[in-house]
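Taking it in order: structure first as structure tokens, then the write-up.
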């Protein structure tokens, strides 16, 4: 990479520090990563990746204020990068700035509308704000873009439960179980939902059938006892 107006050796030196920072980051040596990203920034203060990378290191250390400052600097330099806005949204969410997080995730979606994680992330914030209908729309979009990710389906399932849309919740938990047939947690969720829907016989049949394939854990065993 060459930065206009700077000698080639300067940009190469900055890139070298950035690469070292990435190596330390991958080893989870975050203070060392920050030191090297900072050196890169001191040499070339106009590369948004350096700020973004240092922001990731700060974020990993739960130094949210520093992470937000670096992400904002990256966004300032290159406002059309959706990943920068998404990273900023995550730090804002963790810091309690839910309004700012929604704005950042929305900007990421505006720039790249086919990334399911952006919708999922915004959906999580909307859910925290109690805007479950809007959260549901985002979870559904994430599922539409990637129907094989269990977490997208699971969060939509939980939202359907909150909205008391039990049939929709049942469809989602069935899809999740097909993706992870051996998960006791998902089987427990389905059994509880069937009991909530006053379908106790189906819940019992579900647990007995599951028991044929693997041992029931304590939670499932207690549920089956209650249904006997």
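Do you know which of the residues in segment 168-181 that are out of contact with any helix residue (DSSP H, G or I) (no Cβ under 7 Å at 6 or more places or on another chain) and in a helix (DSSP H, G or I) is surrounded by the fewest Cβ atoms within 10 Å (Cβ to Cβ)?
Of all residues in segment 168-181, those out of contact with any helix residue (DSSP H, G or I) (no Cβ under 7 Å at 6 or more places or on another chain) come to 171, 174, 178, 181.
Filter again for in a helix (DSSP H, G or I), leaving 171, 174, 178.
Working: 171: 15, 174: 13, 178: 10.
This residue is 178.
Would you check which residues across segment 182-196 are over 23 Å from residue 139 (Cα atoms) and outside any helix (DSSP H, G or I) and list them?
182
With the requirement that a residue be surrounded by fewer than 17 Cβ atoms within 10 Å (Cβ to Cβ) and within 27 Å of residue 76 (Cβ to Cβ), what does segment 129-146 give you?
Of everything in segment 129-146, just one residue is surrounded by fewer than 17 Cβ atoms within 10 Å (Cβ to Cβ) and within 27 Å of residue 76 (Cβ to Cβ), namely 129.
Does segment 150-167 contain any residue that is over 22 Å from the mean Cα position of the chain (by Cα) and assigned to a helix (DSSP H, G or I)?
Checked against the condition, which is being over 22 Å from the mean Cα position of the chain (by Cα) and assigned to a helix (DSSP H, G or I), segment 150-167 yields at least one hit.
Select, from 133, 117, the only residue that is under 16 Å from the mean Cα position of the chain (by Cα) and either in a helix (DSSP H, G or I) or touching a residue at least 12 places away in the same chain (Cβ under 8 Å) (or both).
Details: 133 fails: under 16 Å from the mean Cα position of the chain (by Cα).
From the options 133, 117, the qualifying one is 117.
Output the residues belonging to segment 103-116 that are under 22 Å from residue 153 (Cβ atoms) and surrounded by 17 or more Cβ atoms within 10 Å (Cβ to Cβ).
Once the filter is applied, which keeps residues that are under 22 Å from residue 153 (Cβ atoms) and surrounded by 17 or more Cβ atoms within 10 Å (Cβ to Cβ), segment 103-116 yields 105, 108, 109, 115, 116.
Is it true that residue 204 is in contact with a helix residue (DSSP H, G or I) (Cβ under 8 Å, 6 or more places away or on another chain), farther than 26 Å from residue 155 by Cβ and not in a loop (DSSP other than H, G, I, E, B)? Write out each step before concluding.
Details: in contact with a helix residue (DSSP H, G or I) (Cβ under 8 Å, 6 or more places away or on another chain): yes; farther than 26 Å from residue 155 by Cβ: yes; not in a loop (DSSP other than H, G, I, E, B): yes.
Yes: the conditions hold for residue 204.
For residue 28, indicate whether it is part of a loop (DSSP other than H, G, I, E, B), in contact (Cβ under 8 Å) with a residue 24 or more places away in the chain and within 30 Å of residue 116 (Cβ to Cβ).
Spelling it out, residue 28 is indeed part of a loop (DSSP other than H, G, I, E, B), in contact (Cβ under 8 Å) with a residue 24 or more places away in the chain and within 30 Å of residue 116 (Cβ to Cβ).
Every number in this text was worked out from the coordinates using simple rules, so none of it is lab data. Remember, it's a predicted structure, so these values are computed and weren't measured experimentally. Positions of Cβ are backbone-derived with ideal geometry, glycine not excepted, and every protein chain shown enters the neighbour counts.
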